[in-house]
1. Say a paramagnetic label sat at a point 7 Å from the Cα of Thr107, along Cα to Cβ; which residues of the range 72-89 have their backbone N under 12 Å from it?
2. Go ahead and run the numbers for FRET between Arg130 and Asp83, Cβ-Cβ distance against an R0 of 25 Å, rounding to 0.05.
3. Quick one: 3J(HN,Hα) in Hz for the range 107-112, Karplus 6.51/-1.76/1.60 with θ = phi - 60°, rounded, Gly and Pro as x.
4. What residues have an amide H closer than 5 Å to that of Gly65, excluding those fewer than 5 places away on the same chain, when H is modeled at 1.01 Å from N in the peptide plane?
5. Considering only protein heavy atoms, what is the solvent-accessible area of Asp28 at a probe of 1.4 Å, reported in Å² to the nearest 10?
6. Which cross-chain or sequence-distant (5 or more) residues have an amide H under 5 Å from the amide H of Ala74, H modelled 1.01 Å from N in plane?
7. ³J(HN,Hα) across the range 69-83 via Karplus (A = 6.51, B = -1.76, C = 1.60, θ = phi - 60°), whole Hz, x for Gly/Pro?
8. Quick one: ranking Glu97, Glu31 by accessible area, 1.4 Å probe, largest first, what do you get?
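The values are calculated or read from the model by the stated rules, or taken from the named source; none is laboratory data. Note that the structure is a prediction, hence the values are computed from the model and not measured. In this analysis, Cβ positions are derived from the backbone assuming ideal geometry, glycine residues included, and neighbour counts consider all displayed protein chains. For the accessible areas, the whole protein counts, side chains as well, though only heavy atoms, and no ligand, DNA or RNA atoms are used. Shrake-Rupley method; radii C 1.70, N 1.55, O 1.52, S 1.80 Å.
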Amino acid sequence: LVIGTSGKGIDFSATGDGGTTTSELLDDYEEGTYTPTSGASLTVTYAKYTKIGRLVYLNADITVGSTAGNSAFAMSLPFNGVDSYYSGLVQYNNVPEPHLAANVSTTHLYFRKLDTSFGMLTYTQVSGHRFIFSIVYTSAT
């Protein structure tokens, strides 16, 4: 099946599921790699995504270069997010915080502590450390 016209896709509206959805058209599927950017240098072992409709699955393995600063560490996303309510787990990190979440804003990914503060890690805190993580979020487009 090849869809050669922009704005077209696979139409699931004939499924008769009784929903009140605004669209049952799957009009976007994409797999790829991207090069995340940050205020610090990044060594990227891999950064891969799969985008199905507006849902983005992101898997990455990065190491943050030597850096300093008290502002929150931020890393670019392959697609802008809708809002700040998405997070995923960091499967591996070698920072003193053993439990971290990856949190998406509309334009960036942040690492947060999984404690009562849910505080963002700063550039100083992530300096020289490796992070392997997965996250699922809704893209703006």
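1. So the set is 75-77, 80-81.
2. Values: r = 28 Å, r/R0 = 1.13.
So, using R0 = 25 Å, E works out to roughly 0.30.
3. Whole-Hz 3J(HN,Hα) from phi for the range 107-112: 10, 9, 10, 10, 9, 10.
4. For Gly65, the qualifying residues are Ser41, Leu42, Thr43, Gly128.
5. In the full protein context, Asp28 sits at about 50 Å².
6. Correct list: Gly39.
7. Per-residue couplings from phi come out as x, 8, 7, 5, 5, 9, 10, 5, 10, x, 9, 4, x, 7, 7 Hz.
8. Working: Glu97 55, Glu31 125 Å².
From most exposed to least exposed: Glu31, Glu97.
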